[in-house]
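Asks: Before anything else, here's the structure in question.
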Amino acid sequence: MYIENLCSAAKEAEVEIAQLSTKVKNTILLKSAKALLDNMDHILKINRLDVEKAKDAGVKSAFIDRLTLTEERIKGMAQGLEEIATLNDPVGEFVYGKTLPNGLIIQQKRVPLGVIAIIFESRPNVTADAFGLCLKSGNAVVLRGGKEAINTNIAIVNIFKEVLRECGVNEHAVQILEDTSHDTANKLMKAHKYVDVLIPRGSARLINAVIENSTIPCIQTGIGNCHIFVDESAKIKNAIDIIINAKTQRPGVCNAVETLLIHRNIADKILPQLGKELADRHVEIRGDETVRKYIPQAIEAVEDDWATEYEDYIVAIKTVDTLDEVIKHIGKYGTGHSESILTENYTNAQKFLNEVDAAAVYVNASTRFTDGGQFGFGAEIGISTQKLHARGPMGLKELTTVKYVIMGNGQIRE
């Protein structure tokens, strides 16, 4: 009954949230941003306890980074809510209209999805992003975070609930599962009577488990085996700077690069310096024979390395002879997330953009930009790697659907 009670309360709240005016929603968002800042010391204190428990449990460093909140990250969460308040409200927007010969006026209108459940892992900022985007798009949200961040997530949700109460709005518009057991998660996946959409956000293991077990329509997000191809015409210094950013700025996130594909004709020019730069940042390199020739500390790559999302200070490097080989490799091992080509050849850039199948394709830029905030959405609910309904960073518009509104004056069908 725990899941049923939680989700049914969210369903009731969604009816109210869907009808809120833009002004009220923006007021809640701005008050919530201020409340995060006002309660920063409390959030950081609780987060430190979660981090210490995770360290004691032997959680890897990249995971700890995602779990850890700082003053700057909390300020970023608050700023994200403020930015969402400035965005156009998609709810109620008419996106299509025509008048039939019989006089019927047919229009298509944006409406909320309803109740959105999100199962995610270690990043507490997802709690704020999800609340803000779902509120502005008229949805209620049910959150199930990982056990490592549970106390931090509960603290943040309680702050949002208090703001909702102060604004006279149903606090059940944001719900969090305090029970992080697998059994409870499995029951949430079956709550199709109350939940309209389920979004898993995390590792491939988590996402695959949701896809295989959920009776709720799912939007797949987050699996990021991302590639950067360095073409023979690329500027070497620019290429190294981009690769270092894409791999080491935050290695535990889904838009970090995991595999580098280097044109064989420039292997001798780029690999020695790239190997040194990666080694200076404690990145383990797994490479083919040519890579190991120029980077002595590299270890031999095996088949699984090309398919692995490391989420860590590890990178796989392969030398290639042609752009067609690159496109074939990405097609086999990529996850449809973010792929980049570094090149000064216009024809090769266009071929890469047209033939690589991914939610985001780049020319001469880091894959780390695939992010709702970077794309101007204020925040994101996740990065969809599928093709139905939404693809890429999911902002406000992606959290709505449409319904037809038909106006008549007595028409009957003959």
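Asks: Restricting to the chain, compute how many DSSP beta bridges are antiparallel as a %, nearest 5.
Replies: On the way: 16 of 55 bridges.
Around 30 percent of the beta bridges assigned by DSSP in the chain are antiparallel ones.
Asks: Follow-up. Take every Cα pair under 8 Å in the chain that's 6+ residues apart, average their separations, divide by the length, and report that relative contact order as a whole percent. Intermediate values should be presented prior to the final figure.
Replies: Working: 839 pairs, mean separation 78.4, N = 414.
Dividing the mean separation by the residue count of the chain yields 19 percent.
Asks: Another question, if that's okay. Determine the alpha carbon to alpha carbon distance for each of LYS60/LYS276; LYS190/LYS387; LYS23/LYS190 and list only those over 26 Å. List each step's numbers first, then the result.
Replies: Values: LYS60/LYS276 24 Å; LYS190/LYS387 23 Å; LYS23/LYS190 35 Å.
LYS23/LYS190, as the Cα separations exceed 26 Å there.
Asks: Using the Cα gyration tensor of the range 226-369, with a ≥ b ≥ c the square roots of its eigenvalues, what is the shape: rounded (a/c below 1.5), prolate (a/b larger than b/c) or oblate (neither)? Don't skip to the answer; put the middle values down first.
Replies: Details: a/c = 1.37, a/b = 1.19, b/c = 1.15.
Judged from the Cα gyration tensor, the range 226-369 comes out rounded (a/c under 1.5).
Asks: Oh, and also: Test of understanding: what is the full-extension gain from ASN208 to GLN19, defined as 0.36 nm times their sequence separation minus their Cα-Cα distance? Numbers along the way, then the final one.
Replies: On the way: separation 189, 0.36 × 189 = 68.04 nm, distance 3.45 nm.
Between ASN208 and GLN19, full extension yields an extra 64.6 nm.
Asks: Projected onto the charge dipole of the chain (+1 at Lys/Arg Cβ, -1 at Asp/Glu Cβ, origin at the Cα centre), which of VAL283, SER32, THR152 gives the Cα projection farthest towards the positive end?
Replies: SER32
Asks: Per residue of the range 34-39, what does 6.51 cos²θ - 1.76 cosθ + 1.60 with θ = phi - 60° give for ³J(HN,Hα)? Whole Hz please, x for Gly and Pro, Karplus curve as stated.
Replies: 5, 5, 4, 5, 5, 9
Asks: Still on this structure: What's the angle, to the nearest 10 degrees (0 to 90), between helix 346-355's Cα axis and the longest principal axis of the chain?
Replies: Tilt of helix 346-355: around 50 degrees.
Asks: Under the Karplus relation 6.51 cos²θ - 1.76 cosθ + 1.60, θ = phi - 60°, what is the ordered set of whole-Hz ³J(HN,Hα) values for the range 277-286, x standing for Gly and Pro?
Replies: Listing the rounded values in order: 5, 5, 5, 4, 9, 6, 8, 6, 10, 10 Hz.
Asks: Assuming 0.36 nm per residue, please report the length gained on full extension of the stretch ASP357 to ASN88 beyond their Cα-Cα distance.
Replies: Values: separation 269, 0.36 × 269 = 96.84 nm, distance 2.99 nm.
Here the answer is 93.8 nm.
Asks: What order, most packed first, do the peptides 154-162, 70-78, 406-414 have when packing is the mean number of other Cβ atoms within 10 Å of each residue? Working shown, then result.
Replies: On the way: 154-162: 20.2, 70-78: 16.6, 406-414: 8.1.
Ranked from most to least packed, the peptides come out as 154-162, 70-78, 406-414.
Asks: Taking amide H positions as placed 1.01 Å from N in the peptide plane, with prolines and chain starts having none, which residues 5 or more places from HIS389, or on another chain, fall under 5 Å of its amide H?
Replies: Close amide H contacts, sequence-distant or interchain: none at all.
Asks: What FRET efficiency, computed as 1/(1 + (r/R0)^6) with R0 = 35 Å and r the Cβ-Cβ distance, is obtained for ASP241 and VAL95, rounded to the nearest 0.05?
Replies: Computed FRET efficiency for ASP241 and VAL95: 0.25.
Asks: Based on DSSP H runs of at least 4 residues, each adding -39500 (n - 2.57), what is the mean residue ellipticity at 222 nm of the chain after dividing by all its residues, to the nearest 500 deg cm²/dmol?
Replies: My calculation for the chain gives -13500 deg cm²/dmol from helical runs alone.
Asks: Also: Within the set LYS147/LYS397; LYS11/LYS31; LYS136/LYS193; LYS247/LYS397, which residue pairs have Cα atoms separated by over 28 Å? Mind dumping the intermediate values first?
Replies: Details: LYS147/LYS397 30 Å; LYS11/LYS31 24 Å; LYS136/LYS193 23 Å; LYS247/LYS397 30 Å.
Those over the limit are LYS147/LYS397; LYS247/LYS397.
Asks: If you place +1 on the Cβ of every Lys and Arg, -1 on the Cβ of every Asp and Glu, and leave all else neutral, what size is the dipole of the range 321-414 about its Cα centre, to the nearest 20 Debye? Show your work: numbers first, answer last.
Replies: Values: 9 positive and 11 negative charges, 92 e Å.
Result for the range 321-414 is approximately 440 debye, rounded to the nearest 20.
Asks: If the only charges are +1 at each Lys and Arg Cβ and -1 at each Asp and Glu Cβ, what is the size of the charge dipole of the chain around the Cα centre, to the nearest 20 debye? All intermediate terms of the calculation are to be shown ahead of the outcome.
Replies: Values: 48 positive and 55 negative charges, 176 e Å.
The calculation lands at about 840 debye.
Asks: Through the Karplus equation 6.51 cos²θ - 1.76 cosθ + 1.60, θ set to phi - 60°, convert the phi angles of the range 393-409 into ³J(HN,Hα) values in whole Hz; use x for Gly and Pro.
Replies: These are the phi-based 3J(HN,Hα) values: x, 9, x, 4, 4, 6, 9, 10, 10, 10, 9, 7, 10, 10, 10, x, 9 Hz.
Asks: Using amide H atoms built in the peptide plane, which far-off residues or other-chain residues are under 5 Å from THR400 H to H?
Replies: none
Asks: ALA359's amide H: which non-local residues (gap 5+, or another chain) put their own amide H closer than 5 Å, with H modeled 1.01 Å from N in plane and none for Pro or chain starts?
Replies: HN-HN under 5 Å from ALA359: HIS337.
Asks: Rounded to whole Å, give me the distance from the Cα center of the range 147-178 to that of the range 33-63.
Replies: Cα centres, the range 147-178 to the range 33-63: 16 Å.
Asks: Let me ask something additional. Working from Cα positions, state the angle (0 to 90°, nearest 10) between the long axis of helix 204-213 and the longest principal axis of the chain.
Replies: The helix 204-213 is inclined about 40 degrees to the chain.
Asks: Also: Counting only C-alpha contacts under 8 Å and six or more residues apart, can you give the relative contact order of the range 226-369 as a whole percent?
Replies: On the way: 268 pairs, mean separation 48.0, N = 144.
Averaging sequence separation for qualifying contacts and normalising by length gives 33 percent for the range 226-369.
Asks: Report the calculated FRET efficiency for GLU300 and THR401 (r = Cβ-Cβ distance, R0 = 45 Å), to the nearest 0.05. Could the numbers behind the result be given before it?
Replies: Details: r = 49 Å, r/R0 = 1.09.
Approximately 0.40, to the nearest 0.05.
Asks: Mind giving me the nanometre distance, one decimal, between the label points for ASP56 and LYS332, set 7 Å out from Cα along Cα→Cβ?
Replies: 4.7
Asks: Using the per-residue mean of other Cβ atoms lying within 10 Å as a proxy for protection, in what order, highest first, do the peptides 181-193, 17-29 fall? Can you show the working numbers first?
Replies: Numbers: 181-193: 15.5, 17-29: 18.3.
In decreasing order of mean packing, 181-193, 17-29 become 17-29, 181-193.
Laboratory data are not the source of any read-out in this text; all were calculated from the coordinates shown. Here the structure is a predicted model, which means the values were calculated and not measured. No Cβ is skipped: glycine too gets one built from the backbone with ideal geometry, and neighbour counts run over all protein chains shown.
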